[in-house]
Amino acid sequence: MTASAAPPASTPAPRRRPKRFRRIRLGRRVLFRRWRQSLQFRAIAIALTLTSVAFLATGSFLSHQIADRLFTDRLNQVLEEARTDISVAQASFDASDASDRTEVQALINSTMGSLSQDTDAADHRWILIPLDQGSGQSFVGVQAESSWMTSATVPQQLQQRVANADGTYWQPASARMTENGAEQPVIVVGDVVQLNQNSRYGLYFVYDFSDPQATLDSIHAVLLLSMVALLLLVGTIVWYVTREVVRPVSNTARVSQRLSEGDLDVRMQVRGANEVAQLSRSFNRMADSIQTQITQLEQLSSMQQTFVSDVSHELRTPLTTVKMAAEVLYNAREDFDPVNRRSAELLHNQVDRFDSMLSDLLEISRFDAGAARLDMASTDIFSVIYDVVEAAAPIVLRSGSELTVRSTLTRCVVQMDQRRIDRILRNLVTNALEHGESRPVDIYVAANENCVAVAVRDHGIGMTEEQTAKVFNRFWRGDPARARTVGGTGLGLAIATEDTRLHGGRLEVWAEPDNGACFRLTLPLLRTQPLDPELANPLDMPPAESFTESTARVTDTGSLQLTAPAVQPAMEPDTGQMLIAFPPAPGAGSGGERATSSDAGSTPDENGGRTEDGPRSGSTAAGRSDGTEKP
């Protein structure tokens, strides 16, 4: 005997909201957006809302007063008429000596018929209902003017009140005043009458109240139409008034927007002598002042750039001569006495520093002139980082800090200008060691399918928010009074910012006083693929403390020690595919490298390269390169 497997339970499909709910949500969003963005829409909406509230309150009060007056007047008329008819009927019954049923029936018909002839029979009907059940010869049952009216036409509550108490009573109800007509609002008025032999009957008159109700309905319709007309009129008036008021404000906003975009010649039109005209004149004067100041600043900036460029170029030739002479003296320093030997060494060092400062000024002048160009090549960014770390080893030993490279990668090939990226990282590392207070300095490296990020984190004196906002300005220093162990002009981060901009990347800073600083450089893997703002940066600011994978560090002797197997940048010659390699898994081979195959698990893309189908253990493809890599 075999047991059959139960069919898998089907997953219920997610319920989709009806279209009307989506339309309601969309309409609500549109209204909310208009409310936030349009001053005119807000004024019209407020005016219409307040007008509606005021009109509804006034209309409700008037409607209540009119309805009460109509009902009260008609009710008083009906009650007076009913009391008169009941008195006439009772007098007729008292004057009669009818003794049998036939005579009593004739008496009722004659009496009530005469009452119907004396008044307008179209607006009321009568009903006679016995209050005491009897079987005598003179007893008659329920009598009514119209055959379709019965004792059920009279409300039971009214019948009980008439039977149990003396007086005339009334109660609203609904009844048919014609045989085939619809039910109408009525007032039923009743009292007790006596026929012969003390027989008690309830005499009820049913009065038609459809005319007052029709009048009230007409008044309501007129009030509603008046409200609609008033809202349209108020809306039109408010729209026109706000349009006249808001239009100058809108024009001012448009002119301000164009002015902020760099169109310094735009001005507002001045019409009349009112407040808006005064605003336009003041705005135009402000725009003239801004244009004048910006023009002056541009001229000063141009003069400054020209001065820096000219001075830098003019100093290059004499500096070259001085440098050659300093080299000669430095090479011959062993033949000098100690004082002259020290002077030659100082001269040599200061000339080198001056040459570096002059190079920075020349580089800044190239950026200002728009003459800076990139020498792009596919390069492993780790080779650049290791060169920077190795060059910074003397500063590491002198500062007492611990410099470590941390990453989950072992290589990452990027299209970049190696000289400029080397200059950026060298400046960031030097600044971190300079301000690190002999505390550890870490270099973090991470990448995704779009970009690579390098963060330099120190734990030194840090910076305030005001200092952070100025850190990329030219010639700015955090603390000019602080003793420096390495020379500098305050142009390093400004040049780094321009180099990053040329690569289409971002250079960001995070800092806290007494908690250090972190500079993060983000570069696109391919120059043809800019940074994707939708993708999260592969490195946080600052990087998480759990990011502890170490790939390299500077030893106590000043040498670079690789703690993870270093591999050379890899690129397939056929496809030009760049690779990001992760550290090898245990037992991955004697060389410690896990190679990435571009054939397995990849598919050709539209440009002829190959793209990974998904993440694989050990490697992932990051993009392609159109050039050749530098060793």
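R83 label point, 7 Å along Cα→Cβ, cut-off 16 Å on backbone N: hits in the range 180-211?
Label zone hits: 189-192, 205.
Could you check the spin-label model distance between N76 and R33? Points 7 Å from the Cα along Cα→Cβ, value in nm.
6.1
When the expected Rg is taken as 2.2 N^0.38 Å, what fraction or multiple of it is the alpha-carbon Rg of the range 229-272?
Taking the Cα Rg and dividing by 2.2 N^0.38 Å, one obtains 1.64.
Which trypsin sites (Lys or Arg not before Pro) in the range 22-108 pass both tests, a DSSP loop state and at most 11 other beta-carbon atoms within 10 Å?
Here no loop site has a sparse enough neighbourhood.
Put a dot 7 Å past each Cα toward the Cβ at A45 and Q291; how far apart are the dots in nm?
Using points 7 Å along Cα→Cβ, the separation is 3.8 nm.
Which whole-Hz ³J(HN,Hα) couplings does the range 34-39 yield from phi under the Karplus relation 6.51 cos²θ - 1.76 cosθ + 1.60, θ = phi - 60°, glycine and proline marked x?
Karplus values, whole Hz, x for Gly and Pro: 5, 4, 7, 9, 10, 5.
Compute the length gained on full extension between A536 and N109: take 0.36 nm times their separation in residues and subtract their Cα-Cα distance, giving the result in nm to one decimal. Walk me through the numbers on the way to the answer.
Working: separation 427, 0.36 × 427 = 153.72 nm, distance 9.88 nm.
Answer, rounded to one decimal: 143.8 nm.
Once both labels are modelled 7 Å past Cα along the beta-carbon direction, what's the T408-V328 spacing in nm?
For the pair T408/V328, the computed spacing is 6.0 nm.
Whose amide H sits under 5 Å from the amide H of S96, counting only residues 5 or more places off or on another chain, with H placed in the peptide plane?
The answer is none.
Dividing the convex hull volume of the alpha carbon atoms of the range 376-557 by its residue count, what do you get in Å³ per residue?
Numbers: hull volume 20.3 nm³, N = 182.
In the range 376-557, the Cα convex hull volume per residue is 112 Å³.
Per the Cauchy relation, a quarter of the hull surface: what is the mean projected area of the convex hull of the alpha carbons in the range 275-368, in nm²?
Numbers: hull surface 34.8 nm².
The directionally averaged projection comes out at 8.7 nm².
Mind listing the long-range amide H neighbours of F209? Cut-off is under 5 Å, sequence gap 5 or more, other chains count too, H placed in the peptide plane at 1.01 Å from N.
Residues meeting the criterion, in which the H sits 1.01 Å from N, are V186, I187.
Taking 20 °C and 1.002 mPa s as the conditions, I'd like the Stokes-Einstein D for the range 135-254 in µm²/s, using the Kirkwood hydrodynamic radius from alpha carbon pairs.
Details: Rh = 19.5 Å.
Estimated via Stokes-Einstein, D reaches 110 µm²/s.
At a temperature of 25 °C and a viscosity of 0.890 mPa s, determine how fast the range 259-304 diffuses translationally according to Stokes-Einstein, using the Kirkwood radius over alpha-carbon pairs as Rh; express D in µm²/s, rounded to the nearest whole number. Let's see the in-between values first.
On the way: Rh = 11.8 Å.
Answer from the Stokes-Einstein relation: 209 µm²/s.
Given Cα positions, please report Rg to Rh for the range 29-102, the hydrodynamic radius being the Kirkwood one.
1.64
Per residue, what volume in Å³ does the Cα convex hull of the range 21-264 take up? Provide the component values of the computation, followed by the final result.
Values: hull volume 44.6 nm³, N = 244.
In the range 21-264, the Cα hull volume divided by residue count equals 183 Å³.
Evaluate E = 1/(1 + (r/R0)^6) for F354 and E545, where r is the Cβ-Cβ distance and R0 equals 56 Å; express this FRET efficiency to the nearest 0.05.
Working: r = 42 Å, r/R0 = 0.74.
Given R0 = 56 Å and the Cβ-Cβ separation, E is 0.85.
Looking at V188, L79, S96, which one has the Cα that reaches farthest to the positive end of the dipole of the range 64-216 (charges on Cβ: Lys, Arg +1; Asp, Glu -1)?
Towards the positive end, the residue furthest out is V188.
Residues of the range 446-465 with backbone nitrogen within less than 19 Å of a virtual label 7 Å along the Cα-to-Cβ line of T528, please, listed as ranges.
449-452
Could you give me the ³J(HN,Hα) list for the range 246-255, computed from phi with Karplus coefficients 6.51, -1.76, 1.60 and θ = phi - 60°, whole Hz, x at Gly and Pro?
So the Karplus estimates, Gly and Pro as x, are 7, 4, x, 5, 5, 4, 4, 5, 5, 5 Hz.
Could you tell me how far the Cα centroid of the range 496-538 sits from the Cα centroid of the range 269-299, in Å?
Comparing the Cα centres of the range 269-299 and the range 496-538, I get a distance of 39 Å.
How much length, in nm to one decimal, is gained on full extension between T215 and A163, taken as 0.36 nm per residue of separation minus their Cα-Cα distance?
15.3 nm
How much length would be gained if the chain were fully extended between H313 and D265, taking 0.36 nm per residue of separation minus their Cα-Cα distance, in nm to one decimal?
13.6 nm
Can you give me the relative contact order of the range 376-557 as a percent, contacts being Cα pairs under 8 Å and 6 or more apart? It would help to have the intermediate numbers written out before the result.
Details: 358 pairs, mean separation 50.9, N = 182.
The normalised contact order for the range 376-557 reaches 28 percent.
The numbers here are math on the coordinates, done by the rules we state, and not lab data. Model, not experiment: these values are computed from the prediction. Heads up, the Cβs are rebuilt from the backbone with ideal geometry, glycines too, and the neighbour counts pull from every protein chain shown.
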